[in-house]
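Inspection log for the structure reproduced underneath, given as structure tokens.
The values are calculated or read from the model by the stated rules, or taken from the named source; none is laboratory data. Small disclaimer: the values here were computed from a predicted structure and weren't measured. Positions of Cβ are backbone-derived with ideal geometry, glycine not excepted, and every protein chain shown enters the neighbour counts. Quick note on the areas: whole protein, heavy atoms, side chains included, nothing else; ligands and nucleic acids left out. Shrake-Rupley method; radii C 1.70, N 1.55, O 1.52, S 1.80 Å.
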Amino acid sequence: MDGDPEIPRRARTKSAPPVWKDPSFRRSVALFRAFMREQDDPEGCYSLLARDAADQVEAYGGVEGRTVVDVGGGGGYFTAEFRRRGAHAYLFEPDVRELGAKPDGSAVVADGYLLPLADGVADVTFSSNVLEHVADPQTFLSELVRVTRPDGLIYVSFTNWLSPWGGHEWAPWHYLGAERARARYHRRTGKPAKHTLGENLFAVHIGPTLRQVRARDDVTVVSARSRYWPILASAVTRAPGLREFATWNLLLILRRCPP
């Protein structure tokens, strides 16, 4: 398991969602299939992803009764899943358009660079696929660390630029250049791409991110792994060069150091 704890299996009922070993081929295939149906079934896709992510967090301790801060959680699927598990979960989203047609009534519209929270209020600070959308990832990470209590957990995942999905909706053509990829998307779909490199999508890489995080004195790296890879999920992140293409999506589990 590359040093990562296995996701615990919760007791199943007839209506309970499936729980997969992580990592495993079955889990990866299920998540990939859900991702491919994202446009047609966003509810199914993101609800499944939220359950999987909450399982990953709970591999390091239960969330019941804990305070979870979801930064950049968009439609609130992750917040809702943490609440379902008994957490006091709060959504902070900078773009009101991302809240969806039925926004969480308690959601706070706030910039991840400057969260309206006191220091150390969160037991878990959670950020799924946000880092590649901020111009200054290190300042964003610092803010996540600031609002996390000592010994608290920080969950951060992002799609790195050289991943096959690095260009988001215009991937994998981003390998031929961002503007060319965006133009192709427009020609193919008849609508402009949602993401523009340098505006709301940024080229974040695995190697520099790992070096910067490991150099910090306010967190320890508990795990650095591919979020979706079915085997050798941690090993792939230790292969310079290869990791920039093969990781697909880097998941960092960090723990806030005591003062």
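Residue by residue, here is whether (1) touching a helix residue (DSSP H, G or I) at 6+ places or on another chain (Cβ under 7 Å); (2) farther than 26 Å from GLY61 by Cβ holds:
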residue: VAL156; (1), (2): yes, no
residue: GLU169; (1), (2): yes, yes
residue: HIS174; (1), (2): yes, yes
residue: GLU179; (1), (2): no, yes
residue: HIS195; (1), (2): yes, yes
residue: PHE202; (1), (2): yes, yes
residue: ASP217; (1), (2): no, no
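Suppose the filter is farther than 18 Å from LEU251 by Cβ and either modelled with pLDDT of 95 or more or open to solvent by 20 Å² or more (accessible area, probe 1.4 Å) (or both); does ALA59 pass it? I'd like the intermediate steps shown before the answer.
Details: farther than 18 Å from LEU251 by Cβ: no; either modelled with pLDDT of 95 or more or open to solvent by 20 Å² or more (accessible area, probe 1.4 Å) (or both): yes.
No: the conditions fail for ALA59.
Kindly indicate whether PHE32 is at pLDDT below 95 and out of contact with any His (no Cβ under 7 Å at 6 or more places or on another chain).
Working: at pLDDT below 95: yes; out of contact with any His (no Cβ under 7 Å at 6 or more places or on another chain): yes.
So PHE32 passes the test.
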Among (1) hydrophobic (A, V, I, L, M, F, W, C); (2) surrounded by fewer than 18 Cβ atoms within 10 Å (Cβ to Cβ); (3) closer than 21 Å to ALA50 by Cα, LEU114 falls short only on (3)
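Assess whether TYR175 counts as being at pLDDT 95 or above and open to solvent by 70 Å² or more (accessible area, probe 1.4 Å). Break it down stepwise before answering.
Values: at pLDDT 95 or above: yes; open to solvent by 70 Å² or more (accessible area, probe 1.4 Å): yes.
Spelling it out, TYR175 is indeed at pLDDT 95 or above and open to solvent by 70 Å² or more (accessible area, probe 1.4 Å).
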By residue number, the members of the range 124-171 that are closer than 23 Å to ARG83 by Cα, in a helix (DSSP H, G or I) and open to solvent by less than 10 Å² (accessible area, probe 1.4 Å) are LEU144, VAL145
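Checking the conditions here, which among GLY76, GLY65 is of a type outside the set (Asp, Glu), surrounded by fewer than 16 Cβ atoms within 10 Å (Cβ to Cβ) and more than 21 Å from PRO137 (Cβ to Cβ)? Quick ask: steps written out before the conclusion?
On the way: GLY76 fails: surrounded by fewer than 16 Cβ atoms within 10 Å (Cβ to Cβ).
GLY65 is the lone residue from the list that is of a type outside the set (Asp, Glu), surrounded by fewer than 16 Cβ atoms within 10 Å (Cβ to Cβ) and more than 21 Å from PRO137 (Cβ to Cβ).
Could you tell me how many of the residues in the range 67-83 are touching a residue at least 12 places away in the same chain (Cβ under 8 Å) and part of a helix (DSSP H, G or I)?
Taking the range 67-83 and keeping what is touching a residue at least 12 places away in the same chain (Cβ under 8 Å), we get 67-82.
Now drop any that are not part of a helix (DSSP H, G or I), which leaves 77-82.
Residues flagged as touching a residue at least 12 places away in the same chain (Cβ under 8 Å) and part of a helix (DSSP H, G or I) within the range 67-83 amount to 6.
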Flagged in the range 209-229 as under 19 Å from TRP165 (Cα atoms) and either open to solvent by 20 Å² or more (accessible area, probe 1.4 Å) or in contact with a Gly (Cβ under 6 Å, 6 or more places away or on another chain) (or both), in numbering order, are TYR228, TRP229
For TYR90, the lone unmet condition from (1) of a type outside the set (D, E, K, R); (2) open to solvent by less than 60 Å² (accessible area, probe 1.4 Å); (3) without any contact (Cβ under 8 Å) to a residue 40 or more places away in the chain is (2)
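Yes/no matrix, rows are residues, columns are (1) touching a residue at least 60 places away in the same chain (Cβ under 8 Å); (2) open to solvent by 70 Å² or more (accessible area, probe 1.4 Å):
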site: GLU179; (1), (2): no, yes
site: ARG188; (1), (2): no, yes
site: LEU197; (1), (2): no, no
site: ASN200; (1), (2): yes, no
site: VAL204; (1), (2): yes, no
